[in-house]
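Only one structure is covered here, and it is reproduced in the block below.
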Ligand SMILES: *[C@@H]1O[C@H](CO)[C@@H](O)[C@H](O)[C@H]1NC(C)=O
Ligand SMILES: *[C@@H]1O[C@H](CO)[C@@H](O)[C@H](O)[C@H]1NC(C)=O
Ligand SMILES: *[C@@H]1O[C@H](CO)[C@@H](O)[C@H](O)[C@H]1NC(C)=O
Ligand SMILES: *[C@@H]1O[C@H](CO)[C@@H](O)[C@H](O)[C@H]1NC(C)=O
């Protein structure tokens, strides 16, 4: 009886207390891009794609302008309407498409003209409006080989774990399930498909070709569905491994917790907002690290919001929301499995995940350098995040 009263009180507390938003950490995927890999029989070569492979399209830029406008609206009480250097830090992986997504997003977040609205007609178009109000806002990055935060660029241990995963019964079962489909794909793409991770590369490219109506004729709606399924499954199963999602998601969670510590101790280096521009895998890794991933590919210009609240008893809590749709404002509140409700007490959050956080990444990444037995997976490899 007493226990249920306490539980009810706690639940009541979580949802109804006066609480103040004091900080946010937003992890974003870049907008729509061109394919980053071409299969051998691809009807279009890399010159077909504006700016070449792996580049942000104009639609992709506009997706981030609108997302920036949403972030402006959502955090209008937290962030000054003009750029204040001590309030916000923006970090991107060192890819053209993430850097350009960041700059586009900031057009929406810090418009140089008041009341700027992107005309609705531009939302889905692939044309850049001529007069977007823009002002320069700094975006930070570090070279890929030393970036452990936004990408695992040079991490022998990660590479080794992926190799082990590819030989695991978990992945072998998926390979068996799709074996006939792989044979079909091999016939049409002339790409040999050792396992589902290779099919993933083909899926990624064809799913984008389909947006531009340039997928080959053998890609029927049913084939497209199976390719989407392969892509969704790969994001889930790659990051399912505790040791893999720890290496890929852990450094970002640590960075967020470091900033939260600074905010809550009034350290002047703390930032009210940190924006991180990364990849679909970045988002999957965080969801998996927190044990809330599900079978899907994080869409273009999707984002995870870690909002930090101060409650009226002066304790702190984190609420996690996932904007899992392009050009949408419909965020999904994610309740962490071990938290009583969506508002997860900071202490509890730390208690749950502290042990899992990786230490010094240069050490964590050291490996015995096993010999690679499978061909490189383009989609998750170190040269091409997606
Ligand atoms: C691109 O692929 C489409 C569909 O297969 C084809 O019709 C078109 O001619 C190709 N264009 C170029 C420039 O390769
Ligand atoms: C916040 O923005 C206003 C104008 O909107 C400006 O006057 C003020 O100086 C800004 N605050 C800080 C801390 O810079
Ligand atoms: C690719 O095409 C060549 C020439 O037709 C053929 O010899 C080879 O087996 C094909 N490879 C795959 C993986 O289908
Ligand atoms: C987004 O989240 C909602 C609610 O959990 C779910 O129904 C939907 O399928 C998700 N969409 C994607 C693309 O993950």
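The values are calculated or read from the model by the stated rules, or taken from the named source; none is laboratory data. Since we're looking at a predicted model, the values are computed, not measured. Cβ placement follows ideal geometry from the backbone for every residue including glycine, while neighbour counts extend to all protein chains displayed.
Do we find a residue being closer than 27 Å to residue 146 by Cβ and out of contact with any helix residue (DSSP H, G or I) (no Cβ under 8 Å at 6 or more places or on another chain) anywhere in the range 218-234?
no
Of everything in the range 187-207, what is in a helix (DSSP H, G or I) and closer than 24 Å to residue 164 by Cα? Give them in sequence order. Write out each step before concluding.
Our first condition is that a residue be in a helix (DSSP H, G or I); within the range 187-207, this holds for 187-189, 196-207.
Once the filter is applied, which keeps residues that are in a helix (DSSP H, G or I) and closer than 24 Å to residue 164 by Cα, the range 187-207 yields 196, 197, 198, 199, 200, 201, 202, 203, 204.
So which residues in the range 31-53 are on the phi > 0 side of the Ramachandran plot and surrounded by 21 or more Cβ atoms within 10 Å (Cβ to Cβ)? Spell out the reasoning first.
Residues of the range 31-53 on the phi > 0 side of the Ramachandran plot: 51-52.
Once the filter is applied, which keeps residues that are on the phi > 0 side of the Ramachandran plot and surrounded by 21 or more Cβ atoms within 10 Å (Cβ to Cβ), the range 31-53 yields nothing.
Only residues that are under 14 Å from residue 274 (Cβ atoms) and in contact with a helix residue (DSSP H, G or I) (Cβ under 8 Å, 6 or more places away or on another chain): list them for the range 103-138, please.
Narrowing the range 103-138 to residues under 14 Å from residue 274 (Cβ atoms): 105-106, 109, 137-138.
Within the range 103-138, 105, 106, 109, 137 qualify.
Would you say residue 180 is outside any strand (DSSP E or B), more than 16 Å from ligand 4 (Cβ to nearest atom) and closer than 25 Å to residue 253 by Cα?
Working: outside any strand (DSSP E or B): yes; more than 16 Å from ligand 4 (Cβ to nearest atom): yes; closer than 25 Å to residue 253 by Cα: no.
So residue 180 fails the test.
I'd like the full set of residues that are touching a residue at least 12 places away in the same chain (Cβ under 8 Å) and either in a loop (DSSP other than H, G, I, E, B) or within 15 Å of residue 231 (Cα to Cα) (or both), limited to the range 168-177.
Residues satisfying the conditions are 171, 174, 175.
Return the residue satisfying two criteria in turn: it lies in the range 189-202 and is buried (at least 16 other Cβ atoms within 10 Å of the Cβ) and within 15 Å of residue 43 (Cα to Cα), and of such residues it is farthest from ligand 1 (Cβ to nearest atom).
Ranking the candidates gives 191 first.
Give me the pairs: first residue in the range 292-320 and at pLDDT 95 or above, second residue in a loop (DSSP other than H, G, I, E, B) and within 16 Å of ligand 3 (Cβ to nearest atom), beta-carbon distance under 8 Å, and six or more apart or on different chains, which are they?
none
Can you go through 253, 286 and tell me which one is more than 16 Å from ligand 1 (Cβ to nearest atom) and either more than 24 Å from residue 104 (Cα to Cα) or surrounded by fewer than 22 Cβ atoms within 10 Å (Cβ to Cβ) (or both)? Outline the logic, then answer.
Working: 286 fails: either more than 24 Å from residue 104 (Cα to Cα) or surrounded by fewer than 22 Cβ atoms within 10 Å (Cβ to Cβ) (or both).
The match here is 253.
Any idea which of (1) in contact with a helix residue (DSSP H, G or I) (Cβ under 7 Å, 6 or more places away or on another chain); (2) more than 16 Å from ligand 4 (Cβ to nearest atom) is the one residue 214 doesn't satisfy?
Single failed check for residue 214: (1).
What pairs can you find where one residue is in the range 104-129 and at negative phi, the other is exposed (fewer than 10 other Cβ atoms within 10 Å of the Cβ), and their Cβ atoms are less than 8 Å apart, with a gap of 6+ or different chains?
Going by the 8 Å Cβ cut-off, the qualifying pairs are 110/82; 129/119.
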